[in-house]
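Inspection log for the structure reproduced underneath, given as structure tokens.
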Amino acid sequence: MAYLRCDVAILGAGVNGTSIAYELSKRGKKVLLIDKIVMGAGASGSCDDMILLQSKKPGILLEMAFKSLELFESLKDELPSDIEFETRGGTILIEDEEHLAIMEDFVASQNKYGLDVEIIDRKRLLQLQPLVAEDIIASTYSARDSQVNPMLLMKAFLLGARQKGMELLSRTRATSVERLNSGWRLLLDSGDSVETEVVVNAAGAWANDITKLIGFEVPITPRKGQVIVTEAIPPLGATNVWSAQYIVSKLKPQDAAKNASGGAAAQAPAERFGLGFAFTGTHNGNYLIGSTRENRGFDKSTDPEAIGLLSAQVERFFPVMSKINFIRTFAGLRPSTPDGYPFLGEIPGAPGFFIAAGHEGDGIALSPITALVMADLITGKKPKFPMETFDPGRFGGKAGL
Amino acid sequence: MRNDEKPAIVVGAGPAGLCAAIELKKAGAPVVLMDENAKPGGQLFKQIHKFFGSQEHKAGIRGFDIGKELLAESLRLGIDVRLKTEVVGIELGLKVWAVEDRTKSYTLDAGKLILATGATENALSFPGWTLPGVMTAGCAQTLINVHRVLPGKRILMVGSGNVGVIVAYQLMQAGAQVAAVIEALPRLGGYGVHTAKVRRAGVPFYCSTTIIRAEGAESVERAVIASIDAKFQPIPGTEQILDVDTICLAVGLTPSIELSCLAECKQIYIPELGGNMPAHDEYMRSSNQSVYVVGDIAGVEEASTAMEEGRLAGIHAAWAMGYMDDQTMKIKTDETRGRLQALRQGIFGQKRFAAKERILAMRKDA
């Protein structure tokens with residue numbers, strides 16, 4: 001039984017927990033990072049490697065993604081170890097006229113927000129992706145879409161924070177929380193207790209388990225994404241690839257809500273699994289083929305039907321992939337919210353108790369900016385972005401301590 | 001009472017899996033035997049040496065002949081053997097997800113599941129370890145005994161356990177020269193009879209010795225070895241250069257436990273049997289009562305013990321599925337366990353016997 005003291009205790013060592021730990025350590029805070037398993041055991045360690053601008057709805061998330069990308073460009077030199085950051089550009093494949101029309105509107109609205117993205121015809125697409133299927137009529141192209149290795153990114157944040165005095169407790173969970181006159185006391189299942197000024201809940205899909213400890217419910221639910229890993233192969237093309245279908249499904253959360261509210265059996269399999277196409281080559285040459293968006297609770301298994309759909313889909317867009325072996329499949333639980341925005345801020349009625357969770361598929365891409373705004377809020381600085389959209393109290397409720 | 005017609009699915013058609021499938025089929029239970037390779041038999045077909053033990057353990061018979069016998073028996077019984085079939089997933093409940101010939105994917109409900117997935121050879125990393133010419137001893141054995149290809153002319157064998165000395169001897173039989181057998185521990189690890197044959201042929205053995213690096217432009221041309229101290233650190237000044245073109249690594253095996261993890265079998269750590277492995281009870285059942293683990297996955301031993309473990313699980317699974325009465329099951333499992341015990345007697349079996357007893361005790365505690 002040890003009594004630990006710190007300025008900030010962060011629960012959850014995913015990409016947000018580690019990035020916030022890094023930023024706060026840089027600002028001189030004594031940080032204790034606690035994970036119930038190990039670094040990256042949740043969604044941050046079971047995702048792909050993309051930093052996508054094109055997929056973001058024009059609005060505050062796109063603005064934050066811009067800033068995040070800028071931050072990545074400096075973090076890659078500032079962090080103590082390599083994060084395999086690279087800007088390859090991205091293409092969203094368009095299969096038919098209907099999707100083309102939707103994407104033209106989408107691209108136009110993104111252009112207004114200052115995102116450098118355009119629609120390119122098949123001829124130009126072939127220069128970027130010579131092996132794309134014959135019936136793909138067009139594509140979007142943005143030179144700015146980038147990628148980063150999530151495991152190396154978390155490791156680099158962790159190393160950087162450690163160099164500035166952060167400590168990490170793995171395989172430890174908080175079992176109860178007490179409010180003190182100033183700050184909080186966490187009781188840990190190891191028998192130790194922590195006294196801290198500030199708590200940050202960065203537990204991703206498991207964030208509600210933490211807020212429940214202070215009597216607050218946060219509507220974050222796990223959304224499963226299944227991904228295939230191929231053997232290492234030479235690069236197929238220059239860019240990372242998605243399909244317009246994926247973006248269309250991301251733009252319309254009502255489809256996902258339909259998915260959640262039963263009636264699943266009646267839906268077509270692709271719809272039932274929330275199938276979208278995301279295709280990216282890693283530094284090692286392994287390709288990642290994703291992904292599904294499913295509401296299956298905390299079940300992290302992969303299943304033959306979904307993997308079959310993903311496999312058929314990659315062959316549909318890149319017929320050459322029928323010759324490539326899959327070596328592994330995995331699933332991650334993305335923390336999703338009812339309105340598609342994360343919760344970033346202080347829990348109502350619980351001063352000093354913060355949350356930074358609910359980024360669904362944008363956690364990696366937004367981690368640098370998330371760290372910045374959270375560190376601003378915690379240290380009493382005004383963030384550069386309006387934070388109302390991300391207010392943890394926007395669905396009502398108050399901590400019931 | 002037979003629960004239903006779902007077959008017992010056996011994964012891995014090596015000695016353990018073949019014996020499990022044979023016992024199930026003999027009892028009349030439906031059984032499907034899957035293996036990722038093009039041929040069944042596991043590692044038996046590269047084992048050209050004679051087996052130890054008593055008569056009922058096929059002592060004096062060579063590994064590949066045992067393999068042929070088991071195959072003939074499985075053919076005679078008409079077992080549904082599915083080759084080039086990789087099991088890539090297990091759904092609790094119980095369903096197996098298989099990929100056939102790397103093209104066709106399907107799932108199959110299982111009454112019981114018997115995992116006989118074997119073990120994987122350990123590697124050792126040192127400067128130059130990725131040069132062509134560095135390989136595991138099992139790889140060299142497959143090349144000479146199955147494909148009849150000599151991997152090189154002058155060999156350094158790293159590791160003096162049974163695999164090391166048996167493969168060293170077989171490489172000599174195949175026409176290679178063995179420059180040395182080195183061993184990191186202060187004493188030799190293999191059975192005397194195998195070790196002595198290699199030593200009588202004039203091969204030097206170096207204990208407390210390790211490989212420092214492999215050298216060569218395009219492939220292995222030399223190996224640098226050195227003595228090590230009690231903390232396994234190289235002692236400066238003791239380096240020796242051996243002119244070899246092949247370096248074989250015989251540094252132990254690790255149970256191939258992936259499928260048992262998917263089946264949520266409780267894992268335990270038993271270093272003397274290869275590290276992490278699924279726990280099992282006296283019928284080879286894992287903590288998941290529908291899943292059995294047999295052979296090297298349940299602790300690295302030998303083909304002879306793997307076969308008996310396979311039989312034990314096959315008999316018990318047939319009983320659990322309603323294809324054998326209580327008394328027959330009891331008599332047959334007692335007999336099989338008696339033979340298993342006998343195989344683990346004597347100074348060579350002692351350590352394994354004690355380790356296996358520890359596994360059973362752990363299961364009882366749990």
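Every read-out reported here was derived from the displayed coordinates using simple, explicitly stated rules and does not represent laboratory data. What you see is a predicted model, and the numbers here were worked out from it, not measured in a lab. Glycine gets a Cβ as well: all are built from the backbone with ideal geometry, and neighbour counts include every protein chain shown.
On full extension, the segment bounded by residue B:123 and residue B:139 gains 4.6 nm, given 0.36 nm per residue less the C-alpha separation.
With the cut-off at 32 Å, tell me which of the pairs B:46/B:112; A:123/A:300; B:68/B:112 have Cα atoms farther apart than that.
Pairs exceeding the cut-off: A:123/A:300.
Take the convex hull of the alpha carbons in region A:1-125; its mean projected area over all directions comes to 10.8 nm². For a straight C-alpha distance cut-off of 20 angstrom, the lysines reachable from residue A:56 (same-chain residues fewer than eight places away being disregarded) are A:67, A:112, A:224, A:250, A:252, A:384.
Roughly what angle does helix A:97-112 make with the longest principal axis of chain A, taking Cα atoms, 0 to 90 degrees, to the nearest 10? The two axes meet at around 50 degrees.
Over all distinct Cα-Cα pairs of region B:123-249, the Kirkwood formula returns a hydrodynamic radius of 14.3 Å. From the alpha carbon centroid of region B:151-212 to that of region A:134-196 is 50 Å.
The shape of chain A can be summarised by an equivalent ellipsoid whose semi-axes, obtained from the alpha carbon gyration tensor, come to 36, 22, 20 Å from longest to shortest. When the charge dipole of region A:135-184 is built from unit charges on Cβ atoms (+1 for Lys and Arg, -1 for Asp and Glu) and taken about the Cα centre, the candidate among A:154, A:138, A:177 whose Cα reaches farthest toward its positive end is A:177. From most to least packed by mean Cβ count within 10 Å, the peptides B:129-135, B:316-322, B:302-308, B:9-15 give B:9-15, B:302-308, B:316-322, B:129-135. Sorting the segments A:94-104, B:246-256, A:332-342 by their mean number of nearby beta carbons within 10 angstrom, highest to lowest, gives B:246-256, A:332-342, A:94-104.
With a sphere of radius 12 Å drawn around the Cβ of residue B:194, what net charge do the other residues whose Cβ falls strictly inside it have (Lys, Arg +1; Asp, Glu -1)? Could you put the intermediate results ahead of the total?
Working: positive: B:50, B:197, B:199, B:200; negative: none.
Surrounding charge for residue B:194 is +4.
Using alpha carbons only, how many degrees (0 to 90, rounded to 10) separate the axis of helix A:15-26 from the longest principal axis of chain A? So the inclination is approximately 50 degrees.
A Stokes-Einstein calculation at 10 °C with viscosity 1.306 mPa s, built on the Kirkwood radius of the protein assembly as shown over Cα pairs, returns a diffusion coefficient of 54 µm²/s.
Helix-only estimate, please: 222 nm mean residue ellipticity of chain A, summing -39500 (n - 2.57) across DSSP H runs of length 4 or more and dividing by its residues, to the nearest 500. Write down the numbers at each step before the final one.
On the way: 11 runs with 123 residues, N = 401.
Helix contribution divided over all residues of chain A: -9500 deg cm²/dmol.
Region A:375-401 and region B:3-54 have their alpha-carbon centroids 62 Å apart.
Shielding of peptide A:322-333 by partners, expressed as the average count of other chain Cβ atoms within 10 Å per residue Cβ, is 1.
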